[in-house]
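Step one of this worksheet: look at the structure below.
The values are calculated or read from the model by the stated rules, or taken from the named source; none is laboratory data. Treat the numbers as computed from the prediction; the structure is a model and nothing was measured. No Cβ is skipped: glycine too gets one built from the backbone with ideal geometry, and neighbour counts run over all protein chains shown.
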Amino acid sequence: MRSGSRRQLPEAVHRQLGHADVVLHAGDVLDHSVLAALASYAPTHAVLGNNDVGLAGVLPETRVVDVGGVAVAMIHDSGPRTGRERRMQRRFPGVPVVVFGHSHIPWNAAGLDGQLLFNPGSPTDRRRQPHCTMGLLECDDGLVVRHDIVVV
């Protein structure tokens, strides 16, 4: 699977996708073919990234989806690290999980009032990170059961 000029998804990602009930993509999908490929594994929800020029008007800038009875907000760019917790709480009040991307820096930490802030990193473009990563988020019966960053 290609996303524009990006690299192929690692086999480890394909294996994880084979077990997915839903796929969340925090932006920079780049084209429709990537969305279609992800959707072949499971229902896919994505938000518009700054490099998604061809998907403007197709993908929303933000969205909130239900995953296993848990509201999960999605946004591409959560802004600078400083003040992120307050910004995300203000932007998505009462939403227990916020998934974001843009920086490619994996992040898996509690924000304000226990809101989970979760950036899976990137499975194809590690930038300055030591490894390519993806996130696994498991929600069941209204509870977040697992939230892990996985090296791929």
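Across the range 109-134, the number of residues qualifying as under 23 Å from GLU61 (Cβ atoms) and crowded, with 17+ Cβ neighbours inside 10 Å comes to 12.
Report yes if some residue within the range 96-107 is in a helix (DSSP H, G or I) and in contact (Cβ under 8 Å) with a residue 24 or more places away in the chain; otherwise report no. No - not one qualifying residue is present in the range 96-107.
Somewhere in the range 1-14, is a residue within 19 Å of THR124 (Cα to Cα), in contact (Cβ under 8 Å) with a residue 12 or more places away in the chain and touching a Phe, Trp or Tyr at 6+ places or on another chain (Cβ under 6 Å)? Checked the range 1-14: no residue is within 19 Å of THR124 (Cα to Cα), in contact (Cβ under 8 Å) with a residue 12 or more places away in the chain and touching a Phe, Trp or Tyr at 6+ places or on another chain (Cβ under 6 Å).
Inspection of the range 83-93 finds a residue satisfying the criterion of being within 22 Å of ASP140 (Cβ to Cβ) and either basic (Lys, Arg) or in contact (Cβ under 8 Å) with a residue 24 or more places away in the chain (or both). Taking into account only those residues within the range 84-108 that are farther than 21 Å from THR44 by Cβ and of a type in the set (A, V, I, L, M), which is surrounded by the most Cβ atoms within 10 Å (Cβ to Cβ)? Here the residue is MET88.
Selection over the range 43-87 of residues that are of a type in the set (S, T, N, Q), in contact with a strand residue (DSSP E or B) (Cβ under 6 Å, 6 or more places away or on another chain) and not in a strand (DSSP E or B) gives a count of 1.
Within the range 135-145, the presence of at least one residue that is among the acidic types (Asp, Glu), at pLDDT 95 or above, surrounded by 13 or more Cβ atoms within 10 Å (Cβ to Cβ) and within 17 Å of the chain's Cα centre (by Cα) is confirmed.
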